[in-house]
1. Once you put a point 7 Å from the Cα of B:Y547 and another 7 Å from the Cα of B:F535, both along the Cβ direction, what distance in nm separates them?
2. Give the distance, in whole Å, between the Cα centre of the range B:69-140 and the Cα centre of the range B:312-331.
3. With 10 angstrom as the radius, rank B:W581, B:W372 by how many other C-beta atoms surround their C-beta, starting from the fewest.
4. Could I have the simple spin-label model distance between B:D3 and A:L62, label points 7 Å from Cα toward Cβ, reported in nm to one decimal?
5. Could you sort A:92-100, B:189-197 so that the peptide with the highest average Cβ count within 10 Å comes first and the rest follow in order?
6. Against the longest principal axis of chain B, how steep is helix B:222-239, in degrees 0 to 90 to the nearest 10, with axes from Cα atoms?
7. Between B:F79 and B:E416, 0.36 nm times their residue separation minus their Cα-Cα distance comes to what?
8. Holding the Cα-Cα limit at 29 Å, pick out from B:K34/B:K557; B:K418/B:K490; B:K407/B:K490 the pairs that are longer than that.
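Values in this text are rule-based calculations from the coordinates and carry no lab data. Quantities reported herein were computed from a predicted structural model and do not represent experimental measurements. For neighbour counting, all protein chains shown are included, and Cβ atoms are generated from backbone atoms with ideal geometry for every residue, glycine included.
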Amino acid sequence: MTYIGLGHFLVVSAGLFAIGVYGLLSKRNAISLLISVEIMFNSVSLALAAFARFGYNEVQPLAGQAFALFIIAIAAGEVAVAIAILLVIYRQRATVWVDEIDLMKW
Amino acid sequence: MADFLQHSFGYMWLILLLPLAAFLVMLGITYENKRTSAWIGILAALGADAVSIWVLVAELAKPQHLQYPLGLFGDFINFGDFHLSFGILADPLAAMMVVVVCSVSALIQFYSLEYMRGEEGYVRYFAFISLFTFSMLLLVLSPNFFQTYVGWELVGVCSYLLIGHYFKRPSAAAAAKKAFIVTRLGDFPFLVGIGYIFFRFHELDFFALSSHHMYTAGLVSVGGLFVMSLLVFSGAVGKSAQFPLHVWLPDAMEGPTPISALIHAATMVAAGVYLVARAYDLFSASPGALAVIATLGALTSVMAAIWAVAQDDIKRIVAYSTISHLGLMMFGLGVGAYSAGVFHLFTHAWFKALLFLGAGSVIHVMHTQDIWEMGGLGRRMRWTAGTMLVGCLAAAGIFPFAGFWSKDAIMSAVFELKNPAFIVIAILITFFSALYMFRLWFVVFTGQTAKRRAFDPKRVHESNGIILLPLVILAVLATVAGFWGAPFVKEGFSNFIFFGAKPEPETANAIAITASLGSAVLGVVVAAVFYWPRFQRLSAATLTRRYAPVYDWAHNKGYFDEIYEHMFVALGLYIGRAAQWFDQHIIDGFVDGLADGYQLVALYLRRLQSGRVQGYAVGLFAGVIVIAVLALIFGSGGNLAAVAGFAK
């Protein structure tokens, strides 16, 4: 009998994370990068929630879910700030391609 | 009556407080008002003098050794079972010295009212005199070596400040620096010596050290005691201008003349002698050290006396005379004549202050210090000439002036030793001191006016009363002070200030008196034959030409300045240059090289910061992968097969 266990969740999480990494490294559009980062966040949230659900923390059983909730809240804030920065950059330089945004080098 | 005298000890803190308060008030409040400041200084010194005379009378009535902590701040140093507190000490020696310091300070400040009139830095001058008085009293009243050292350095600073009073004149600035540095050479071994005493005995208190007989208790070997004594004595050598550190005192004459009288004649330079007297338990425990003290003192004394004969500057003659007399005090202490040495310190303070102030009176009128530009002043400056004559008689040791009694006491002690070299030296010292004193007096006060310089003799006039009053007071003291220690006085000086057991009543040593008086009179006669026009039979000029090398040697003070210049100052310069080279090339090279290397590395490393986000991200994930792989390898305990899932 097959049932859905921790391994399934982790495989999905790892897949999502890999997709996020790929997107982060290969895309040039800053918006795409943000989306990739969000995917990675969600993969981690999923993994944490799964760990919590399957009882891997006996001392604080709800820590995983709590972390997931925190990540969702922080991600929302981070996206708001990031998009605001991107908007400003776009107004200044008329581009959101990250390889053209290298102002903060030496 | 006895109660009244006993109360004096309760007021001894005033002796310290008054001059210090005067200094602070002058610098803080009345610095714009010259007269007020000067009078504050004089009154403070007089107040301190009154208290100290009260204390001296109390000590005279009943000699006792008392110590009071200055409890305002508690212990000064407090660690383990060791407590060091500042305090006030009252014993016959300190009481005598305090009276000398306060009296001379008061007289000299009064004299300076007129002498420094119209000079730049009038208030600064008086303020520093008050600070000096305080420091000197701190030294004198100190119950332990540490406080002595504090006062010791403070008087050194005041001496520096006052020698350099005319600091805009390069020679004065150089003289101040020289005085400070040369005395420093003695002060450092002194500090080391204090450290040595502390680490051996865990005690710095004079009274505790002597009353428990610590020096002789066998805690330190004979050699250790010898080294300890010499280290402490080094401080005295520097401060009291003994050979080989005597070179600073003649140069210190760059300061105003009253300063020379106060600091470089009566008080500060006597601090070295005072220290030897104060720590005499230490020195008496080491006969070798006493021999060194006696030898150095005798050598200094006779050399300075000879040099003084060949000087042209009125203040320098008196300065060499000071060195000579300080050497004589050391000589006396070294041969074991404790009371005699200290007594000479006491009498010397009066007549040497008198001589300096008299010289100051002449300089004030003549505006020159060269004795050959003076002459015949006796007719126009009767009071100055008369008081100077008293000073010269006292310094030469002519009966019955003060110097005679103290010099005679030292002579008696030297004659009792039956050491022919010491006896010859002692006679030479007496002879030459009479010679240079009366050479000075005859050249300046007798004969024709104005030998070299053209000026109107009628314009030469006596100094005014403010200058003459201290001269007269000091002349009286220089006449009568000696009787305190005269052999026929029942309870005299040697029964008041003595070392060890109360001495037997002194019997006059007829041979010693004859020798000392005879050589002194001979010195006066020789001076008269050469320099008193009325008696002149021989020309000093012919003699100096015939014995030019000897004269040049004496005139150039034995070439010690030149020798030191070429040996130590040049050596110092070489060391300084080497250190500079080391600093500029090695130290700076190392620091600069470090900075250059860092810059070079950074030039390449900075390319890592490309500003491209994805480049950073690649690095980040590469790092994560590396860490993950490492964690797998080490986390598996080296069993990679298990990681890969091939093994159970």
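1. About 1.9 nm separates the two model spin labels.
2. 24
3. Details: B:W581 10, B:W372 13.
Placing the least packed residue first, the sequence is B:W581, B:W372.
4. 9.0
5. Values: A:92-100: 13.6, B:189-197: 19.4.
Going from most to least packed, we get B:189-197, A:92-100.
6. 70
7. Values: separation 337, 0.36 × 337 = 121.32 nm, distance 4.78 nm.
So the chain would gain 116.5 nm between B:F79 and B:E416.
8. Details: B:K34/B:K557 39 Å; B:K418/B:K490 27 Å; B:K407/B:K490 19 Å.
The pairs that break the limit, which is 29 Å between Cα atoms, are B:K34/B:K557.
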